[in-house]
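Visitor: Questions regarding the structure given below will be posed in turn.
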């Protein structure tokens, strides 16, 4: 399946080996906290893809929440503390 | 192409601070929503430019920073559920041996992988134009960069929270 599709989409690239894909998928497995902690040797490709999508979505959500929180915090940095002065001098 | 975490972090912090300074937060007339958008935009731009043009997703993100968040997920996951239900029905009524069942399982797996690859393509900036190997490599890099971004933003948020506390 994968070699047929890749031959259609990339004219210049030679056949992509299954080993390459397996190696990349295992690297992806190492990054994902859910699968890494479960310690099972064989995780299906579709499961890895699903966990990857969920993980990326959760990271996006966290960036969004942090941006919201920072927007509220940076609005009110008026205090006299040393940290406030540092942040003010860095960012504002 | 893969940088160590600390180098990437330093690059990101440097670029993000430059971007935040340009936002002029001292202007009190900014609404919280405008400020949030500015913070997010500068963080995304910093994250992408820290890769110095070496990855597809970073170039795509810089050229198109306001990508709408894809909402196709519910449709795709209900499509997957339909596929699994259909396969269970087929397996129950199949009178053939193990070979045919193996074939069905394999085609279900292939279908799931195809659907989930599509979802992943919609999540990575510029993903629609990538082949499978490129997609997975870009995903690895993108996830590493996102983690750095979250890390630094979290540190700034907790530092700002401490700085906002009344001085005892």
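Visitor: Taking the condition buried (at least 18 other Cβ atoms within 10 Å of the Cβ), more than 9 Å from every other protein chain (Cβ to nearest Cβ) and either at pLDDT 75 or above or part of a helix (DSSP H, G or I) (or both), does residue B:61 pass?
Guide: In short, yes.
Visitor: So how many residues does region B:158-168 have that are assigned to a helix (DSSP H, G or I) and either more than 9 Å from chain A (Cβ to nearest Cβ) or modelled with pLDDT of 90 or more (or both)?
Guide: Adding up the residues that qualify gives 1.
Visitor: Could you tell me which of the residues A:20, A:50 is within 21 Å of the chain's Cα centre (by Cα), at pLDDT 85 or above, within 8 Å of chain B (Cβ to nearest Cβ) and surrounded by 12 or more Cβ atoms within 10 Å (Cβ to Cβ)?
Guide: Step by step, each of A:20, A:50 is checked, and only A:50 is within 21 Å of the chain's Cα centre (by Cα), at pLDDT 85 or above, within 8 Å of chain B (Cβ to nearest Cβ) and surrounded by 12 or more Cβ atoms within 10 Å (Cβ to Cβ).
Visitor: Considering each residue of region B:136-146, count those that are more than 7 Å from chain A (Cβ to nearest Cβ) and surrounded by fewer than 20 Cβ atoms within 10 Å (Cβ to Cβ), and give that number.
Guide: 1
Visitor: Would you confirm whether any residue within region B:83-95 is assigned to a helix (DSSP H, G or I), within 30 Å of residue A:22 (Cβ to Cβ), at the interface with chain A (Cβ under 10 Å from one of its Cβ atoms) and at pLDDT below 90?
Guide: No, every residue in region B:83-95 fails to be assigned to a helix (DSSP H, G or I), within 30 Å of residue A:22 (Cβ to Cβ), at the interface with chain A (Cβ under 10 Å from one of its Cβ atoms) and at pLDDT below 90.
Visitor: What residue, among those in region B:6-45 that are crowded, with 18+ Cβ neighbours inside 10 Å and within 14 Å of residue B:144 (Cα to Cα), is nearest to the other protein chains (Cβ to nearest Cβ)?
Guide: This residue is B:44.
The values are calculated or read from the model by the stated rules, or taken from the named source; none is laboratory data. Note that this is a predicted model, so its numbers are computed, not measured. Neighbour counts run over all protein chains shown; Cβ positions are idealised from the backbone, glycine included.
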